[in-house]
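Asker: Here it is: the structure, laid out below.
The values are calculated or read from the model by the stated rules, or taken from the named source; none is laboratory data. Given the structure is predicted, the values throughout are model-derived calculations rather than measurements. Quick reminder, even Gly has a Cβ in these numbers, built from the backbone with ideal geometry, and neighbours come from all protein chains shown. These accessible areas exclude ligands, DNA and RNA; they are computed on the full protein's heavy atoms, side chains included. Shrake-Rupley method; radii C 1.70, N 1.55, O 1.52, S 1.80 Å.
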Amino acid sequence: MSETAAPSAPRPAPGAGAAASGATIELENLSKRYPGNPNPAVDNVSMEIRAGETVIFVGPSGCGKSTTLKMINRLIEPTSGRIRIDDEDVTDIDPVKLRRKIGYAIQSSGLFPHMTVAENIALVPKMVGWSKARVKDRVEEMLDLVGLDPREFHGRYPRALSGGQQQRVGVARALAADPPVLLMDEPFGAVDPITRDHLQDELIRLQRELHKTIVFVTHDFDEAIKLGDRIAVLRERSHIAQFDTPEAILTNPTDDFVSGFVGAGAALKRLNLTRVREVEIADFPTVTVDDPLQSIFNKLRSGPHNELLMLDRRNRPYKWLRRGDLMRARGSLARAGQLVHDTVTRDATLHDALEAVLTDSGGRVAVTGRRGEFTGVVDMHTLMNSVHELLEADRLTAIEHQHDLEELREHRTAEELEGGAGT
């Protein structure tokens with residue numbers, strides 16, 4: 001079984017001092033049986049999750065992946081087996097105290113509707129006895145960490161937030177008391193695809209900063225590839241079909257069951273393993289909504305591009321403007337240009353970027369930073385070069401694999417001939 005590289009040393013969260021890094025999790029012969037059901041929901045599962053890595057549970061509906069996850073923080077009590085977190089057997093300790101040490105994020109955020117955003121985030125730190133000043137600082141820090149302006153969101157109620165904003169607050173609440181472990185049960189399953197992509201990117205960015213141990217349940221194999229350091233493909237009753245890196249599962253699935261999850265186009269799925277930050281992000285001419293029309297026209301006319309990107313007052317992508325748009329503007333840009341419908345972050349995958357580029361007539365996509373600010377563009381030429389490099393690497397790997405198989409056959413044939421000659 002392939003192993004991922006050991007995680008790098010954890011870095012402190014911004015402003016947090018010595019933030020808690022991840023913890024090892026060991027499941028030993030973990031099982032769950034429900035009364036009246038002759039078959040266990042989870043049957044004798046054993047695995048070790050390393051400190052600071054993201055492990056994804058993926059499998060068909062009803063296979064027991066959520067049940068296994070919930071046994072880690074004992075929302076569901078195991079029937080038998082042991083759970084160790086950093087070598088401490090947590091099977092017999094107070095489950096309420098255990099849950100305060102483990103972050104938990106679920107689908108649809110699970111925020112308390114009668115509490116403000118700040119009150120939701122502050123809940124667990126208050127329970128564990130943090131001071132008012134420390135709680136206040138932590139709430140602002142966590143809002144900033146998940147990309148929400150504390151001044152804007154501090155006093156809002158969940159009903160006033162979009163689905164994506166609610167999920168960000170849910171993650172902030174799960175991380176507020178600085179737990180070493182974060183459990184996530186299909187947390188992005190109830191939002192639209194574009195928001196889901198951005199939330200996944202946000203989680204990748206957070207994990208690069210915090211190095212928590214994350215156990216994440218999904219039924220979406222593409223999401224598993226994008227997020228996971230290792231993926232546990234689970235059969236019925238959470239039997240482990242393969243527990244390995246995304247690269248290993250894509251290139252060498254253990255059996256037909258795992259191959260069914262990989263599906264067609266494994267080479268293209270590998271685009272989920274490369275991030276936008278790993279390819280060239282190009283500069284692009286920009287203007288702002290406050291620039292005079294004549295200066296915008298002059299910049300477009302004198303520059304090498306036949307297109308500009310207009311930014312809003314927060315430096316976020318707003319409109320693509322072409323020369324023809326300005327000719328038709330007649331003194332106002334209110335109806336000119338094409339609104340920017342999609343962007344990607346540096347933590348987005350090349351698959352996300354390629355999808356965005358293919359759905360845009362301009363053949364490029366704007367890349368944004370933590371608060372949506374413009375940082376550059378990625379174009380079709382760059383992405384296609386990356387696709388060709390991946391395909392070529394796959395071709396060379398296949399040739400090498402075929403060569404190894406031929407050498408093995410020749411070796412076995414020689415041994416059989418020698419054995420025959422000796423009889």
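Asker: Roughly how big is segment 52-205's charge dipole about its Cα centre, with Cβ charges of +1 (Lys, Arg) and -1 (Asp, Glu), in debye to the nearest 20?
Answerer: Once rounded to the nearest 20, the dipole reads 480 debye.
Asker: Segment 60-213: percent of C-alpha pairs farther apart than 22 Å?
Answerer: Looking at segment 60-213, the distances longer than 22 Å represent 43 percent of pairs.
Asker: Leaving out ligands, DNA and RNA but keeping every protein chain, what accessible area does Phe284 have, in Å² rounded to the nearest 10, with a 1.4 Å probe?
Answerer: Spelled out: Phe284, probe radius 1.4 Å, area about 40 Å².
Asker: Here's something else I'd like to know. Tell me what the chain gives for mean residue ellipticity at 222 nm when only DSSP H runs of n ≥ 4 count, each as -39,500 (n - 2.57), the sum divided by the residue total, rounded to 500 deg cm²/dmol. Mind dumping the intermediate values first?
Answerer: Numbers: 15 runs with 165 residues, N = 423.
Theoretical 222 nm ellipticity from helices: -12000 deg cm²/dmol.
Asker: Over the chain, what is the relative contact order in whole percent, taking alpha-carbon pairs under 8 Å and six or more residues apart?
Answerer: Values: 740 pairs, mean separation 66.4, N = 423.
Here the relative contact order equals 16 percent.
Asker: Hey, how many Å between the Cα centroid of segment 174-253 and the Cα centroid of segment 28-45?
Answerer: Measuring centre to centre over Cα atoms gives 24 Å.
Asker: Then there is this: If Tyr318, Tyr104 are ordered by their accessible area, calculated over protein heavy atoms with a 1.4 Å probe, which sequence runs from highest to lowest? Numbers along the way, then the final one.
Answerer: Values: Tyr318 85, Tyr104 60 Å².
The ordering from most to least exposed comes out as Tyr318, Tyr104.
Asker: Oh, and also: Give me the dipole magnitude in Debye, nearest 20, for segment 215-283 about the Cα centre, with unit charges on the beta carbon: positive for Lys and Arg, negative for Asp and Glu.
Answerer: It works out to roughly 140 debye.
Asker: If you count only protein heavy atoms and use a 1.4 Å probe, how large is the accessible surface of Lys126, to the nearest 10 Å²?
Answerer: Roll a 1.4 Å probe over it and Lys126 shows about 130 Å².
Asker: Compute the separation of the alpha-carbon centres of segment 298-343 and segment 86-148 and state it in Å as a whole number.
Answerer: Spelled out, the Cα-based centre of one part sits 44 Å from the other.
Asker: Could you work out the relative contact order of segment 134-214, using alpha carbon pairs under 8 angstrom and six or more residues apart, expressed as a whole percent?
Answerer: Computed value for segment 134-214: 32 percent relative contact order.
Asker: If you don't mind, another one. Anything over 24 Å Cα to Cα? Flag those among Lys65/Lys136; Lys136/Lys212; Lys101/Lys212; Lys65/Lys101, in the order listed.
Answerer: Too far apart for the 24 Å limit: Lys65/Lys136.
Asker: Now for a separate question. Relative contact order for segment 218-324: what percent, with Cα pairs under 8 Å and sequence separation of 6 or more?
Answerer: That works out to 16 percent.
Asker: If I stretch the segment between Asp404 and Gln294 completely, what's the gain in nm (0.36 nm per residue apart, minus their alpha carbon distance), one decimal?
Answerer: Value of the extension gain: 33.0 nm.
Asker: Here is a follow-up. Taking only the alpha-carbon positions of the chain and ignoring solvent, what does the Debye formula give for the base-10 log of I(q)/I(0) at q = 0.06, 0.07, 0.10, 0.11 Å⁻¹?
Answerer: The calculated log intensity ratios at q = 0.06, 0.07, 0.10, 0.11 Å⁻¹ are -0.32, -0.43, -0.80, -0.93.
Asker: Hey, what's the chain come to in accessible area per residue, 1.4 Å probe, Å²?
Answerer: 49 Å²
Asker: Right, here's the next one. I'd like the accessible area for Met327, computed on protein heavy atoms only with a 1.4 Å probe and all protein chains in place. Round to 10 Å², please.
Answerer: Only protein atoms counted, so the area is about 140 Å².
Asker: Quick one, what does Rg over Rh come out to for segment 76-120 if you take C-alpha atoms and the Kirkwood Rh?
Answerer: Rounded to two decimals, Rg/Rh equals 1.09.
Asker: Same structure, new question: Of the heavy-atom accessible surface of the chain (probe 1.4 angstrom), what whole percent is carbon and sulfur?
Answerer: Here carbon and sulfur together make up 51 percent of the probe-accessible area.
Asker: Right, another one. How much length is gained on full extension from Glu416 to Ser332, taking 0.36 nm per residue of separation minus their Cα-Cα distance?
Answerer: Fully extending the segment from Glu416 to Ser332 adds 21.8 nm.
Asker: Need one number: % antiparallel among DSSP beta bridges in the chain, to the nearest 5.
Answerer: Here the antiparallel bridges make up roughly 55 percent for the chain.
Asker: Leaving ligands and nucleic acids out of the surface, order Trp320, Trp130 by accessible area at 1.4 Å, largest first.
Answerer: Sorted descending by solvent-accessible area, the residues read Trp130, Trp320.
Asker: DSSP H helices in the chain with Cα extent of 15 Å or more along the helix axis and mean Kyte-Doolittle hydropathy at least 0.5?
Answerer: On the way: long enough: 117-127 (16 Å, 0.88); 132-145 (19 Å, -0.79); 163-175 (18 Å, -0.38); 193-210 (25 Å, -0.88); 380-422 (63 Å, -0.76).
Flagged H segments are 117-127.
Asker: Using r as the Cβ-Cβ distance of Asp255 and Arg33, and R0 as 35 Å, what FRET efficiency do you calculate, to the nearest 0.05?
Answerer: In this case the efficiency is close to 0.85.
Asker: So how do 332-343, 72-83 stack up, highest first, on mean other-Cβ count within 10 Å? If you can, show how the numbers build up before the last one.
Answerer: Values: 332-343: 14.5, 72-83: 17.2.
Highest to lowest by the protection proxy: 72-83, 332-343.
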